[in-house]
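Please find one structure pasted underneath; my questions will follow.
The values are calculated or read from the model by the stated rules, or taken from the named source; none is laboratory data. Note that the structure is predicted; figures quoted are calculated from it, not measured. Because the Cβ atoms are built from the backbone with ideal geometry, glycine has one as well, and the counts that use them run over all protein chains shown.
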Amino acid sequence: MVRSNDLILAAVWALVLSFALFGNGIGGNFVFDDTIVIVGNPFIDGQLGEFGKIFITPYFAYQPRPGLYRPLTIASYSVNAFLFGFSPVSFHIINILLHALTSFLTFILLYRLSASRIAAYAGFLFFMFLPIHTEAVTSIVGRAEILSLLFVIGSLLFVLKQRYVFASTLFFFGLLSKEMAVAFLPIFLFLELFGSRSPASGWRPGFQKVVKKIYYFIPPVIFYAVLRYIALGEHFLKNDATAVYNPIKFAPFFSGLWTSFKVFYLYIANTFFPLNLSSDYSFGQIPLVKNPFASFEAMMGIAIFCLIALLFFKVKDILMRSGIIIFLFSYFVISNWVFKTGTIMAERLFYMPSLGLAFMVGSIFTWLLSKIKNIRVLYGCASVVLVFYGLLILDRNRDWLNDANLYESAYAAAPDSIVNQINKAYLEFKAGKYVEAEEMLNKILNVVPEHVPALNLAGQNYKKLGQFQKSEELWKKAIELRTDYLRAYLSLGVLYYENMYFESAENVLTDAINIYPRWSEILFLALTKVSLEKPDDAVELIRKHFGDDPPQRELKFALGWAYFNKGDEGSAYRYFEQVKDPKINMDDFIRTFEGSRVVILGEF
């Protein structure tokens, strides 16, 4: 039984330390994958109008090809926006609060399994101070990792109390948060068989009882599988990762296996020696291992794995053995040992496996206390490590404040990653250094000539250089390679619109919104229809998807422009008043674009 004083103290420490360690990231923008998952997601609109549809929709709205289904995480973003608006500040604060709650439950689980205050506090503090957690907490899309682990720990706590209906419910919530929660099942089996039984008791009776308890967890798995199939269809058990994102997926079996052990070592190294963290480790950064004896990292990964497995069979301490089970089975989900994931390595994915490491650290710390005479030395060393880790977290949070910081830090830490090179080229592009960006992108496309994001960015860069034909060719190639890549459709449609190829623009943008009706494509399709003298179609298009009062300023202008071209000046002026600078009178505002067939956004 956990003492009430310890519960209060752990809760306070969890809350205080979470904000102390991650609070300097609260002012950060939506960055990296946040912009794909959250910004522009039609279900995160601040209104909850189609909240129920989230549970039958892919993680990337209307895009089942990635094979991701995490509706509870998306639902949390939707409620977040509904309650607190679209500022990233509230999203960051909620992430920190969820991390604090997860850390607090980690303490309780440690205490219940070990019955040791010292082990519980040691593992709890280790978990809280891990710099590798920065991506899971400070990156807003890391919420999927936090929620899945939160519900898994909650489910395990109910298992220890033999409240299996509640445990089953939280397990279901964990699955809906992220696929990682499937690791709960083998962890549950271990705790049921060995977690609360004396060594003298027999094995088979315990196993027979466990078989009956498994039935509680069959309904959530079935229900989750049905919902996942409805959302993803043929992509139910697939992902669309290319060799750029996960080279192991396309490697020969043994080469992939050796490389996966290399990655295993890199995760461990980045956990305990987090001096060179990166937001990406894709193609180029982690070369495939053909001969394990020629790779120090692969051999170390194999050695560490064997050592951990040996410890499981050698030690009797339930906390150590539980930690090993939690670590290995949660890591197995992301390991690429059997099932190939969407990425070769990502720091946020280590959030759940690190729980197992926290258990192991708690066990080792109590063992060291029993062996070392001068415990002040041990506590002093532990304090130094925690302070060092804390400073690294504070520094790492700054990397996640904006895209520029993140891309620069990632390129510095992992310069051979193709994704990091593309992001570096993007920074050159945004800075107006188009020649430098062209040089970088040409080198990238020589290595990965069919990488769609690189093709899209190269097209944007050639457009800035005035080489429209090259832009058109690259965007067409991107669409041919990936028919649901909406950025290429938008780029090509805008190119046609701005150069007055209105029929071509209409065709491309119509194809885009048939895939996924984002407001950006709808905006330019509406403007194109006005240019084609179809203002009624433009009005109907916007009203169909966003009603008479769309939230985007640009769509309000497009409605006003359509009504103006219909001759309905009253309706047009009503929308123009909402978007024009109050210091400019209406006649001057209209004069800036009246008679134009193409409206360059930014004029108002």
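Do we find a residue being over 20 Å from MET180 (Cβ atoms), part of a loop (DSSP other than H, G, I, E, B) and in contact (Cβ under 8 Å) with a residue 40 or more places away in the chain anywhere in region 66-76?
So far as region 66-76 goes, no, none of its residues is over 20 Å from MET180 (Cβ atoms), part of a loop (DSSP other than H, G, I, E, B) and in contact (Cβ under 8 Å) with a residue 40 or more places away in the chain.
Condition first: closer than 16 Å to LEU227 by Cα, of a type in the set (Phe, Trp, Tyr) and either touching a Gly at 6+ places or on another chain (Cβ under 8 Å) or in the same structural domain as LEU150 (by TED's automatic domain parsing) (or both). Can you find one or more residues in region 32-55 that meet it? Explain how you work it out, then say what you get.
So the first thing to find is which residues in region 32-55 are closer than 16 Å to LEU227 by Cα, and the list is 51-55.
Now narrow it down to the ones that are of a type in the set (Phe, Trp, Tyr): 51, 55.
Adding the requirement that they be either touching a Gly at 6+ places or on another chain (Cβ under 8 Å) or in the same structural domain as LEU150 (by TED's automatic domain parsing) (or both) leaves 51, 55.
Yes; the residues of region 32-55 include at least one that is closer than 16 Å to LEU227 by Cα, of a type in the set (Phe, Trp, Tyr) and either touching a Gly at 6+ places or on another chain (Cβ under 8 Å) or in the same structural domain as LEU150 (by TED's automatic domain parsing) (or both).
Which of the residues that make up region 483-508 are part of a loop (DSSP other than H, G, I, E, B) and either surrounded by fewer than 20 Cβ atoms within 10 Å (Cβ to Cβ) or polar (S, T, N, Q) (or both)? Step through it out loud before you land on a result.
Here is the first cut: in region 483-508, the ones part of a loop (DSSP other than H, G, I, E, B) are 483-485, 499-501.
Matches in region 483-508: THR483, ASP484, ASN499, MET500, TYR501.
Sort through ARG376, ARG398 and tell me the only one that's more than 24 Å from VAL452 (Cα to Cα) and under 22 Å from the mean Cα position of the chain (by Cα).
Just one listed residue meets the conditions, ARG398.
Now a separate question. Among the residues of region 458-473, what is the count of those that are in a helix (DSSP H, G or I) and touching a Phe, Trp or Tyr at 6+ places or on another chain (Cβ under 6 Å)?
Of the residues in region 458-473, 5 are in a helix (DSSP H, G or I) and touching a Phe, Trp or Tyr at 6+ places or on another chain (Cβ under 6 Å).
Something else now. Residue by residue through region 86-108, note down the ones that are crowded, with 24+ Cβ neighbours inside 10 Å and under 24 Å from PHE190 (Cβ atoms).
Selection gives THR102, SER103, THR106, PHE107.
Sticking with this one: On the given criteria, is LYS443 outside any loop (DSSP other than H, G, I, E, B), touching a Phe, Trp or Tyr at 6+ places or on another chain (Cβ under 9 Å) and not aromatic (Phe, Trp, Tyr)?
Considered against the rule, which asks whether it is outside any loop (DSSP other than H, G, I, E, B), touching a Phe, Trp or Tyr at 6+ places or on another chain (Cβ under 9 Å) and not aromatic (Phe, Trp, Tyr), LYS443 comes out as no.
Let me ask you something else. Please go through region 386-406 and give me each residue that is in contact (Cβ under 8 Å) with a residue 60 or more places away in the chain and either part of a helix (DSSP H, G or I) or surrounded by fewer than 14 Cβ atoms within 10 Å (Cβ to Cβ) (or both), ordered by number.
Initial filter on region 386-406 (in contact (Cβ under 8 Å) with a residue 60 or more places away in the chain): 386, 389-390, 392-394, 396-403, 406.
Those that are in contact (Cβ under 8 Å) with a residue 60 or more places away in the chain and either part of a helix (DSSP H, G or I) or surrounded by fewer than 14 Cβ atoms within 10 Å (Cβ to Cβ) (or both): LEU386, TYR389, GLY390, LEU392, ILE393, LEU394, ARG396, ASN397, ARG398, ASP399, ASP403, LEU406.
Could you say whether any residue in region 370-382 is surrounded by fewer than 17 Cβ atoms within 10 Å (Cβ to Cβ), touching a Leu at 6+ places or on another chain (Cβ under 8 Å) and not in a helix (DSSP H, G or I)?
The answer is yes, given that some residue of region 370-382 is surrounded by fewer than 17 Cβ atoms within 10 Å (Cβ to Cβ), touching a Leu at 6+ places or on another chain (Cβ under 8 Å) and not in a helix (DSSP H, G or I).
Do we find a residue being assigned to a helix (DSSP H, G or I) and acidic (Asp, Glu) anywhere in region 589-604?
The answer is no; no qualifying residue exists.
Checking VAL387 against (1) more than 29 Å from LEU68 (Cβ to Cβ); (2) in contact with a helix residue (DSSP H, G or I) (Cβ under 9 Å, 6 or more places away or on another chain); (3) hydrophobic (A, V, I, L, M, F, W, C), which single condition isn't satisfied?
Every condition holds for VAL387 apart from (2).
Quick grid of which residues meet (1) crowded, with 19+ Cβ neighbours inside 10 Å; (2) over 28 Å from ALA404 (Cβ atoms); (3) touching a strand residue (DSSP E or B) at 6+ places or on another chain (Cβ under 6 Å); (4) in contact (Cβ under 8 Å) with a residue 24 or more places away in the chain:
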{"position": "VAL244", "(1), (2), (3), (4)": "yes, no, no, yes"}
{"position": "PRO274", "(1), (2), (3), (4)": "yes, no, no, yes"}
{"position": "PHE283", "(1), (2), (3), (4)": "yes, no, no, yes"}
{"position": "ILE286", "(1), (2), (3), (4)": "yes, no, no, yes"}
{"position": "LYS290", "(1), (2), (3), (4)": "no, yes, no, yes"}
{"position": "ALA298", "(1), (2), (3), (4)": "yes, yes, no, yes"}
{"position": "LYS316", "(1), (2), (3), (4)": "no, yes, no, yes"}
{"position": "LEU319", "(1), (2), (3), (4)": "yes, yes, no, yes"}
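Please specify each residue of region 216-231 satisfying the condition of being under 26 Å from PHE188 (Cβ atoms) and in contact (Cβ under 8 Å) with a residue 40 or more places away in the chain.
TYR216, PHE217, PRO219, PRO220, VAL221, PHE223, TYR224, LEU227, ARG228, ALA231
Kindly evaluate VAL435 against the criterion of being closer than 30 Å to PHE19 by Cα and surrounded by fewer than 22 Cβ atoms within 10 Å (Cβ to Cβ).
Answer is no for this residue.
Conditions first: (1) over 27 Å from the mean Cα position of the chain (by Cα); (2) surrounded by fewer than 15 Cβ atoms within 10 Å (Cβ to Cβ); (3) not β-branched (Val, Ile, Thr). LYS430 passes all but one, so which condition is the exception?
(1)
When region 224-242 is examined, which residues are found to be surrounded by fewer than 19 Cβ atoms within 10 Å (Cβ to Cβ), touching a Phe, Trp or Tyr at 6+ places or on another chain (Cβ under 7 Å) and assigned to a helix (DSSP H, G or I)?
LEU227, TYR229
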